[in-house]
Amino acid sequence: MTIHNPKLISTEISLLWTTYLQDSLAYYILKHFQLTNEDTSLNPILSFALECSNEHIQQVSTLFKQEGIPIPDGFTEEDWNQDAPKLFPDLLMYRFLEHMSRAGLTNYALGKSTCVRKDVRELAGQWLKQSNQLYDIVIDTMLRKGILVRSPSLAYPTEKEYVQKATFFTDGFLDEDRPLLAVEISHLGANIEGSLTVAAMMLAYSQVAEKREVRDLLYRGHKIAKKHAEVFSQVLRKEAIHAPSGWDSDILGSTTPPFSDKLITNNVSAMISIGINNYGSAIGASLRRDLGINYVRLITELANYAEDLAEFMIKQQWMEKPPQNLNREELVKKKR
């Protein structure tokens, strides 16, 4: 029997490379949380998350060495100041862990469904299982402590209904004055929570970043995230639905950076990317015209901010180039 040992395909390289970069970044954020948290319930959660991140880094390193693929630089102890005082409130640590595990569930489920080689599929499956465990631990702990921000609720339906007319969609179903669907409320609530978490992280980072340009970029991003949360909240409040509030006032007053500007900007870039993906999913699930218009407008604003941030990071040589296809045109030119 012929044993095939195929090379990694694009989706597999992308999953592995991104996992290495994001886990090497998250590792030092989690280390700072571990050293500065005051809530003992966080300790086992952080230990598990750190164990997972470290394991992922080692697994990708081993596989890349086997394949002859350069291991990314990622982030090291040089990007972390272990003597920095507490910056993030414990509640924001929980929120970060919730969003980190939720992003893992999304990314590794996609990786599991798009990767082909058995060893990579097994890794994606293992990482998906770990993200699920982490998410459950975080949510269960927050529920027990009464600090979980629950999605907005709505009245239970009292009967089953079918659409009665062929003109259903033209009789106001797409209009702004139509009551929100459960799925639309769900996306609005999730995007408010996400925007508020990102806003709080950016505010904290803007206090401690070393370069003036970074502080200005981060504070601009903080204001954008707060504005987005307010746009979504207004839609819920219009229908007398409670919207979550933020945690800006809980950020501590430290100005000592726990992380390098390189790590901070890369973390913000990753959070913005997650936000754009979330808005894209919301567009597909939201049928009211005003919601779609809002999401498209806000995606454009996020994309413009992400571009400005990326241009600055490139100038500072803080952005590692992701794997990409060969530029055939450039290769042809070199032969001339």
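Where a number appears in this text, it was derived from the coordinates with a stated rule and is not lab data. These numbers come from a predicted model, not from an experiment. Cβ coordinates were reconstructed from backbone atoms using ideal geometry, including for glycine residues, and neighbour counts include every protein chain displayed.
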Treating only the Cα positions of region 238-293 as identical point scatterers, give the base-10 log of I(q)/I(0) from the Debye formula at each q in 0.16, 0.22 Å⁻¹. -0.83, -1.03
I'd like to compare 218-225, 130-137, 72-79: which one has the highest average count of other Cβ atoms within 10 Å, and what's the full order after that? 218-225, 130-137, 72-79
Could you work out the helix-only [θ] at 222 nm for the chain, with each DSSP H run of four or more residues adding -39,500 (n - 2.57) and the total divided by the number of residues, to the nearest 500 deg cm²/dmol? -23000 deg cm²/dmol
Phi angles of region 21-28, converted by Karplus (6.51 cos²θ - 1.76 cosθ + 1.60, θ = phi - 60°) into ³J(HN,Hα) in whole Hz with x for Gly and Pro, give 5, 6, 6, 5, 6, 4, 4, 7
HN-Hα J in Hz across region 185-192 - Karplus 6.51, -1.76, 1.60, θ = phi - 60°, x for Gly and Pro: 4, 4, 5, 4, x, 5, 6, 5
For region 182-217, run through the trypsin sites (Lys or Arg not before Pro) and keep only the ones in DSSP coil with at most 16 other Cβ atoms within 10 Å of their Cβ. Lys211
If I take the Cα coordinates of the chain and project them onto the principal axes, what are the three extents in Å, biggest first? 63, 56, 45
Got the relative contact order for the chain handy, in percent, Cα pairs under 8 Å and 6 or more residues apart? 20 percent
Which of rounded, prolate or oblate describes region 10-145 when judged by the alpha-carbon gyration tensor and an a/c cut-off of 1.5? oblate
In whole Hz, with x marking every Gly and Pro, tabulate ³J(HN,Hα) for region 74-81 from phi via Karplus 6.51 cos²θ - 1.76 cosθ + 1.60, θ = phi - 60°. x, 10, 10, 5, 5, 8, 9, 9
Can you put Trp318, Trp127 in order, fewest other beta carbons within 10 Å first? Trp318, Trp127
Just name one of Val183, Ile299, Gln130: the one whose Cα is farthest towards the positive end of the charge dipole of the chain (beta-carbon charges, Lys/Arg +1, Asp/Glu -1). Ile299
Any residue on another chain or 5+ positions along whose placed amide H is under 5 Å from the amide H of Trp80 is listed here as Ser260
At the level of C-alpha centres, the distance separating region 1-60 and region 79-124, in angstrom, is 7 Å
